[in-house]
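Written below as C-alpha cells is the structure these notes are about.
The values are calculated or read from the model by the stated rules, or taken from the named source; none is laboratory data. This is a predicted model, so every value here is computed, not measured. We place every Cβ from the backbone using ideal geometry, glycine too, and count neighbours over all the protein chains shown. Note: areas computed on protein heavy atoms with side chains; ligands, DNA, RNA excluded. Shrake-Rupley method; radii C 1.70, N 1.55, O 1.52, S 1.80 Å.
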Amino acid sequence: MGSWYIYIGSQQFNTKWNWHNEVQYRNYNAAGDLEQLLLRTGIGYNLTPANNNLLLGYAYILSEPYILGTDSKRSVSEHRIFQQFITRQQFSRFYLQHRYRIEQRFIEDTDFKMRYRYFLSVNVPLTNREMVPKTIYLSAYNEIFINDTSPLYDRNRLYSALGYTINKYLRAELGFMSQILENRHREQVQIVLFNNIPFSKD
C-alpha cells in the first residue's frame with residue numbers, strides 16, 4: 001500500500017482572482033520510495049462571487065516507475081498544461097464540488113497526450129451543522145480519467161476520509177483511496193492539508 005502526502009493551496013488576490021499551488025509527494029510505501037512528485041500551479045478567475053472558478057495551470061511531474069522484473073527504477077519527466085472549471089453547491093449539510101479538467105501532457109520520450117477528468121466530491125460536517133472551525137467532517141470523492149486515444153479509459157479514483165477544519169482557512173484530512181486502472185488497481189493512504197489563507201481580505 002502506498003502513501004500520498006498532499007498540500008493544496010488556493011490564495012485569493014481579491015474577490016475575482018486566485019492563485020492555486022499544490023505539492024504531492026507519492027510513495028510506493030509509507031515513505032522513502034518515491035513513486036511520483038507532482039508540482040501544480042495556476043491562476044484562477046471567479047465568474048460569480050466565491051464560486052464558478054475558471055483556471056489555467058501548469059504542472060511538473062517526476063515519476064520513478066520500477067523497471068519490469070527488476071528492483072531498479074527509471075525517471076520520467078512530464079510537463080503538463082491544464083484548464084479547469086470548478087463549481088460548488090451546498091444542500092443542507094452536504095457541500096458538493098464538481099471539477100472538469102482538460103490536460104495537455106508532454107511526457108518524456110513519448111508522444112503528446114490529452115486527457116479529460118471529472119471530479120465529484122462531497123464534505124459532510126459531523127460535529128457541527130456547517131463547516132466552521134473545529135468541525136470534524138466526512139469527505140469523499142470520485143474522479144474518472146478519460147484519454148483522447150485508445151484505450152479511452154485511463155483510471156478511476158475513489159476516496160473517503162475523515163477531515164478536521166483547523167480554522168477558517170485551514171483543513172486537514174486522513175483518507176484512503178482506491179485507484180482502478182485498466183488492468184490493475186492500487187490503494188493509497190492520503191494525508192492532505194488545505195490552505196486557503198488569502199493574500200487580501202477584500
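Side notes on the structure shown:
- Cβ-based net charge around residue 9, under 15 Å, with every Lys or Arg adding one and every Asp or Glu removing one: +1
- When restricted to Cα atoms, the chain yields an Rg and a Dmax of 17.6, 56 Å, respectively.
- For residue 192, neighbours were defined as the other residues whose beta-carbon sits under 11 Å from its Cβ, and their charges (Lys and Arg +1, Asp and Glu -1) total -1.
- Within the same chain, aspartates and glutamates fewer than 8 places from residue 113 are excluded, and of the rest, those with a Cα less than 15 Å from its Cα are 78, 103, 148, 154.
- Under 15 Å from the residue 51 label point (7 Å along Cα→beta-carbon), backbone N, region 81-118: 86-99
- Taking every protein chain into account, the accessible area of the chain amounts to 56 square angstrom per residue (probe 1.4 Å).
- Restricting region 105-188 to trypsin sites (Lys or Arg not before Pro) in coil, as DSSP defines it, with at most 16 other Cβ within 10 Å: 129, 134, 168, 184
- Spin-label model, residue 34 to residue 169: label points 7 Å out along the Cα-to-beta-carbon direction sit 3.0 nm apart.
- Look at the alpha carbon pairs under 8 Å that are at least 6 residues apart: their mean separation over the length of region 7-122 gives a relative contact order of 16 percent.
- Surrounding net charge for residue 133, when Lys and Arg each add one and Asp and Glu each subtract one, Cβ distance under 14 Å: +3
- Treating r as the C-beta distance of residue 60 and residue 126 and R0 as 45 Å, the FRET efficiency rounds to 0.75.
- Relative compactness, region 24-137, computed as alpha-carbon Rg over 2.2 N^0.38 Å: 1.38
- Distance between modelled label sites at residue 112 and residue 14, nm, 7 Å Cα→Cβ extension: 3.5
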